[in-house]
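Any read-out appearing in this document is the output of simple, stated calculations on the displayed coordinates, not a laboratory observation. None of these values were measured; they are calculated from a predicted model. Cβ sites come from the backbone with ideal geometry, for glycine too, and all protein chains shown count toward neighbours.
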């Protein structure tokens, strides 16, 4: 079994796969963020759109998400800090020009009707 892309050291099938396949819902903001990273790594743009809060969803076009996910090679995720509704993380990747990059973000999440959503983030 392959370890999950989110860095949890659990097998993908027992970690983020149930979220990406709609079998389970993340119980915490950090779990949603990890599953969203995994969605980028596996090019599951629909999951990214579906887990974005409706108030900011119009700013996230599925084609743009899919293009960005595909043109980068996702290396690893490092969770820096968490609160109940925020996660600060670094996503390491190699861009389409072969350059190592770090996406450093402080993300805000919202729990609504028992489901967590990504709202927005500040980039460093």
(request) Work out the FRET efficiency for residue 50 and residue 9 from their Cβ-Cβ distance, taking R0 = 30 Å, and round it to the nearest 0.05. (result) 0.70
(message) Can you tell me which of 108, 75, 23 moves the most in a GNM of the chain? Springs connect C-alpha atoms under 10 Å apart.
(response) 23
(message) If the elastic network links every pair of Cα atoms under 10 Å, which of 96, 35, 17 fluctuates the most in the Gaussian network model of the chain?
(response) 96
(request) Among (i) 72, 30, 24; (ii) 41, 35, 28; (iii) 69, 31, 23, find the value of Cα extents along the principal axes in Å that was calculated from the structure presented, and write down its label. (result) (ii)
(message) Ignoring everything except DSSP H segments at least 4 long, calculate the 222 nm mean residue ellipticity for the chain; use -39,500 (n - 2.57) per segment, divide by total residues, nearest 500.
(response) -7500 deg cm²/dmol
(message) At a 10 Å Cβ-Cβ cut-off, how would you order 97, 13, 30, fewest neighbours first?
(response) 97, 13, 30
(request) Could you work out which residue, out of 58, 25, 110, moves most in a Gaussian network model of the chain, that is, has the largest mean-square fluctuation with Cα springs under 10 Å? (result) 58
(request) Using the number of other C-beta atoms within 10 angstrom as an exposure proxy, rank 50, 113 with the fewest first. (result) 113, 50
